[in-house]
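Here it is: the structure, laid out below.
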Amino acid sequence: MDNMNALLDGFAAILTPGNLLIALIGVTIGTAVGMLPGLGTAMAIALLLPITYGMEPTQAFIMFGGIFYGGMYGGSTTAILLNTPGQSSSVVTVLEGYKMARNGRGGQALATAAIGSFVAGTIATVALVFVTPITVDFAIGLGAPEYFAIMVLALVATASVLGTSRVRGFASLLLGLVIGTIGIDAVTGQQRLTYGVPELANGIDIVVVAVGAFAVGEALWTAARRRNGKDEVVPVGRVWMGRSDWRRSWGPWLRGSALGFPFGAVPAGGAEVPTFLSYVTERRLSKHKQEFGNGAIEGVAGPEAANNASAAGTLVPMLALGLPCNATAAVMLAAFQTYGIQPGPLLFANESALVWTLIAGLFVGNAMLLVLNMPLIPIWVKLLRIPKPYLFAGILFFASMGAYATSGQPFELYILLALGLIGLGMRRFGIPMLPMIVGVILGPMAERQARMSLQLSGGDLSGLVGGPVSWTVYGIIALIALWPLAALVRRRTARDREPEPASAG
Amino acid sequence: MTGEHDAATAETGAEDRAADRVPENGPAEHDAAETAPAPRDLAQLWVCGFLAVLGVLVIVDAARLGGFSASNDPIGPKPVPIILGILLFAVAACYAVSVLRGGHGEDGGAHAGERFDATTVGLLCAVFTANALLIDWLGWVISGSLLFWGSAIVLGSRRYLLTLAAAAVLGLATFYGFAIGLGLALPAGVLQGIL
């Protein structure tokens, strides 16, 4: 019950006019940035991180809580009205959502996405409150070798499970690991990969990496495709849900939340798999199967709930283990680090008040979004009508401002541009961005754990393999690595078997 | 390793189908990717080259590092970059094989045939670089406004004066709001003392 009291204290901390105002600013900016095509929640936090440098940690995290849910909320609006999934987790929402909008049911699609996000967000945040302390109890007994194993699992899994091509996932991951290596080695003080450039000695800030790859990359990508068609915003009607919409939505919301949270909470479970599973489940269970493919409300309600629940789920490994498994969590972790706070098992003991305020902030932000944004959707939609030149000029403007402010040196701007060009290349060649972002932040952490393990074993390589936990984790890694081989064998055997019935018939 | 990409696509095939269905009503550029199998996109070999060059850079730098070990750090800073370098070569090779076998990235190679507007990208980079060069001298208000104005013009805005006004407002507002209000490190430059 200690946790409940701590959470109530968190609510007490947040329910002051000043903090509520900060939460309100957070959800507003989060929604706005989340709506911009090609950007997302991670981007919103990365762009705002420099602005919060002057705030108290508590206030900054209240704001991040708001941005977190606001960003996801904004992303679904773009998916439904523009037919562009802002992030890979909205791909499934686009399927039915855009069709609904085309059929004049955009208001209902947005409403079910918004209420579903609220329901899923609330359920998942409650689950977070109960699951995170259990995870902490488990994590407190883990040593450096186990941490190393879990981090390797997270890295391998983000690179290979998500996306459609493993080799591209690993290319992105390695790029991130190399960027993470740049700078002074924390143990020996030697400079790595700086090539004598003094400004690189402190390494490349994750914020600059995220803003460069996402925001500047997106702006350059828009420039590259300037003459390739236009996005069309579908008009929304009134945002409301009829009785039959409610009846058809509540089941998918609950099932989506149940699917999303566990996937998010597992390192590198991601949002893609649960959103897709939710879609398939709803199609199977629906009484309106014929509507699927033509705008079935279940196909928006379920995946959107799954998306939100999994996003909240990713906070479990982030807070309890210090393990970021998606871009948003990676940027949030960087935010913790800027305040000199290291997420992990000790976080709940050392910074209890801060963590519970953050969690309370999630509840408050989520509720604010529902109350404020449902009636305001038509106004938000206007944001999608901003002409692209102004939109992206503004994005470049704010990206430059944030990057410059991380160190107060123009050098950051060159790094930002270089990463923007990398982001442009990754978009052009369909290379996933997430493994890179996770690699930048998790790579150096994994190296530190590995070197700590070897230090404990006196340099003996067996020190990297600790107790049963790391054996299990390495087993899972082997399974992930060997899975394509198994699939290949299965396919080969299936192909060999195929001609038989033909010759028999 | 040659079957890596194909196996991976088989594994995530279910998601592929979901992703493939998205563009049905989408912009015309996706249609080509849907009806015909995407042609081999050999431009992807640039990525392989980039990865290999990066591998060389990483290993050359690692070789320079002193390979000493201390009691509190048995392996030193060297092994990690060397492992990364080797992995970079391996991934570059697998990537090349995947490309030659007709593999493509997340969006099914939809952008392979698209016109790549290098002029606009180049101009945008120039505007961006100009801001980096001028920011300390002219200050954020002027250089940031120029950045906004230049980017908007490059990206196709034709309302020169209106854009300039918007740029100036943004520059001043962010400077007063963030630099003076929130203590963000933005330079005043030549306007020092005026702002």
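Where a number appears in this text, it was derived from the coordinates with a stated rule and is not lab data. If you're wondering where the values come from, they're calculated on a predicted model, not measured in any experiment. Virtual Cβ from ideal backbone geometry, glycine too; neighbours counted across all protein chains shown.
Assign one of three labels to the protein assembly as shown, namely rounded, prolate or oblate, based on the Cα gyration tensor with a ≥ b ≥ c the square roots of its eigenvalues; rounded applies when a/c is under 1.5, prolate when it is not and a/b is larger than b/c, and oblate otherwise.
Taking the square roots of the gyration eigenvalues as a ≥ b ≥ c, the protein assembly as shown is rounded.
For region A:266-290 and region A:417-487, what is the separation of their Cα centres, given in Å?
Here the two parts' Cα centres lie 28 Å apart.
Give the shape of region A:342-450 as rounded, prolate or oblate, defined through the alpha-carbon gyration tensor: a ≥ b ≥ c are the square roots of its eigenvalues, a/c under 1.5 means rounded, and otherwise the shape is prolate if a/b is larger than b/c and oblate if not.
Note, shape of region A:342-450 comes out oblate.
Still on this structure, please answer the following. How far apart, in nm, are the 7 Å Cα→Cβ label points at A:F11 and A:I184?
Between A:F11 and A:I184, the label points sit 4.6 nm apart.
Over chain A, what is the relative contact order in percent, taking alpha-carbon pairs closer than 8 angstrom and at least six residues apart?
27
Would you please give the FRET efficiency between A:L376 and B:V60, computed as 1/(1 + (r/R0)^6) with r the Cβ-Cβ distance and R0 = 56 Å, to the nearest 0.05?
The computed FRET efficiency comes out at 0.50.
Only helical DSSP H runs with n ≥ 4 go in: add -39500 (n - 2.57) per run for chain A, normalise by residue count and round the 222 nm mean residue ellipticity to 500 deg cm²/dmol.
Per the formula, -23500 deg cm²/dmol.
Short version: ³J(HN,Hα) in whole Hz for each residue of region B:146-160, in order, from phi by Karplus 6.51 cos²θ - 1.76 cosθ + 1.60 (θ = phi - 60°), x for Gly and Pro, what are they?
Karplus-based 3J(HN,Hα) across region B:146-160 equals 4, 4, 5, 4, x, 4, 4, 5, 4, 7, x, 6, 10, 9, 4 Hz.
For region A:278-284, just list the computed ³J(HN,Hα) in residue order, Karplus coefficients 6.51, -1.76 and 1.60, θ = phi - 60°, integers in Hz, with x standing in for Gly and Pro.
So the Karplus estimates, Gly and Pro as x, are 4, 4, 4, 4, 5, 5, 6 Hz.
Could you check the spin-label model distance between A:Q409 and A:Q342? Points 7 Å from the Cα along Cα→Cβ, value in nm.
A separation of 2.5 nm, rounded to one decimal place.
Another question, if that's okay. Relative to the Cα centre, what is the charge dipole magnitude of the protein assembly as shown, using +1 at the beta carbon of each Lys and Arg, -1 at the beta carbon of each Asp and Glu, and rounding to the nearest 20 debye? Mind showing how you got there, number by number?
Numbers: 40 positive and 43 negative charges, 312 e Å.
In debye, rounded to 20, the protein assembly as shown gives about 1500.
Within a 10 angstrom radius of the beta carbon, how do A:K289, A:K382 rank from fewest other beta carbons to most?
Least to most surrounded, the residues fall as A:K382, A:K289.
Roughly how crowded by other chains is peptide A:413-426, in terms of the mean Cβ count from those chains within 10 Å of each of its Cβ atoms?
That works out to 3 on average.
At a 10 angstrom cut-off on C-beta neighbours, averaged per residue, how do the peptides A:277-284, A:60-67 rank from highest to lowest?
Most protected by this proxy first, the peptides run A:60-67, A:277-284.
Fully extended, how many nm does the chain gain between A:A486 and A:A349 (0.36 nm per residue separation, minus their Cα-Cα distance)?
44.9 nm
Once you place label points 7 Å from the Cα toward the Cβ at B:V169 and B:A130, how far apart are they in nm?
A separation of 2.2 nm, rounded to one decimal place.
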